[in-house]
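Everything on this sheet refers to the single structure shown next.
The values are calculated or read from the model by the stated rules, or taken from the named source; none is laboratory data. Treat the numbers as computed from the prediction; the structure is a model and nothing was measured. Every residue, glycine as well, gets a Cβ built from its backbone with ideal geometry; the counts of neighbours run over all protein chains shown. The protein model used for the area step is the full one, side chains on, heavy atoms only, and it has no ligands, DNA or RNA in it. Shrake-Rupley method; radii C 1.70, N 1.55, O 1.52, S 1.80 Å.
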Amino acid sequence: MEFFENIFDIVMTKKIFGTLIVILVAYILIKAFNGAISKILITGKTPYEVKKRKTIVKLFQSFFKYIILLVSLLIILSFFGIDTKSLVASLGVVGVALGLALQDTLKDIIGGISLILENYLAVGDIITYNDFTGEVIELGLRTTRIKKASGEVMIIANRNIDTIINASQKKANLLLEIDTAYEEDSKKIEKVLKEIINKAIKEELILPESEYLGINDLGPSSVKYLIKINCDQNKKHQIKRDILEKVKIAYEKNNIKIPYNQIEVHHGQDI
């Protein structure tokens, strides 16, 4: 019994009990702040605005977490009799020395903040760095991570972000040539293609700037009708597939022929 009482006395000391309380409070504060700021900020009228706000939220969450952890550490150290005031003063001197030694790290942190404040980058954007193209999956204070469609992940120091190309902050214009048989009525084709575009706009699959442009070429075996699709850069490949599927379904429904290569074999007369 005395053994358990001794254990209880040890646990209830300021060093142990106080440390546990500080850790618990820090955990609750971080969780509460993360949840509150997510509900407040992650709203927007456009998908890009939502992406930008998500990025800002992650940055604030990361910054707040480090502040809470630093304050908690100082409180815990004070429980063990360490003079935290002298420690903070010493940290100021050490900070100057570290600032000189860690210039690249500071550049990364400043670069990360600038990326968000200047709308240069957001989580979910499609960017190209050298020959590597992928989606931004994480934007931190020091580094940015981009993931290729095939799964590879590249980590870029934020100080080097000025050398990237961001394809997501502009809309994509897809020019699609629709091959159609010569015997089909051009006015009928124009009507069908315009209906496809208007329906896709109403479904919010593509943007209102999309339009039917007319006959683009008279090929050897087909007439090439041209349509312009204006859409989100991030979704352009899937939207192209969706529009072509809609064209094929509409052509089949209206008995419009899509030409394809055929081989005709003629049997000549015997000489």
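The residue that is nearest to LYS246 (Cα to Cα), among those in the stretch 166-185 that are in contact with a Phe, Trp or Tyr (Cβ under 8 Å, 6 or more places away or on another chain) and not charged (D, E, K, R), is ILE178. Strands (runs of 3 or more DSSP E) fully within the stretch 126-198 that include at least 1 residues being closer than 30 Å to ILE249 by Cα and either open to solvent by 70 Å² or more (accessible area, probe 1.4 Å) or of a type in the set (Ser, Thr, Tyr) (or both): 172-180. Answer yes or no: is there a residue in the stretch 256-271 that is surrounded by fewer than 14 Cβ atoms within 10 Å (Cβ to Cβ), modelled with pLDDT of 75 or more and more than 15 Å from ASP179 (Cα to Cα). Checked against the condition, which is being surrounded by fewer than 14 Cβ atoms within 10 Å (Cβ to Cβ), modelled with pLDDT of 75 or more and more than 15 Å from ASP179 (Cα to Cα), the stretch 256-271 yields no hits at all.
To keep it simple, each residue is scored yes or no on (1) of a type in the set (A, V, I, L, M); (2) over 19 Å from ILE258 (Cβ atoms).
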| residue | (1), (2) |
| --- | --- |
| LYS188 | no, no |
| LEU193 | yes, no |
| GLY214 | no, no |
| PRO220 | no, no |
| LYS224 | no, no |
| ILE229 | yes, no |
| ASP232 | no, yes |
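Here is a yes/no grid of residues against (1) more than 30 Å from ILE126 (Cα to Cα); (2) among the aliphatic types (A, V, I, L, M); (3) at pLDDT 65 or above; (4) open to solvent by less than 70 Å² (accessible area, probe 1.4 Å):
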position	(1), (2), (3), (4)
LEU59	no, yes, yes, yes
LYS65	no, no, yes, no
LEU73	yes, yes, yes, no
SER90	yes, no, no, yes
LEU100	yes, yes, no, no
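Counting residues in the stretch 222-234 that are assigned to a loop (DSSP other than H, G, I, E, B) and either in contact (Cβ under 8 Å) with a residue 24 or more places away in the chain or among the basic types (Lys, Arg) (or both) gives one or more. Does GLU209 satisfy the criteria of being loosely packed, with under 14 Cβ neighbours inside 10 Å and either on the phi > 0 side of the Ramachandran plot or touching a Cys at 6+ places or on another chain (Cβ under 7 Å) (or both)? In short, no.
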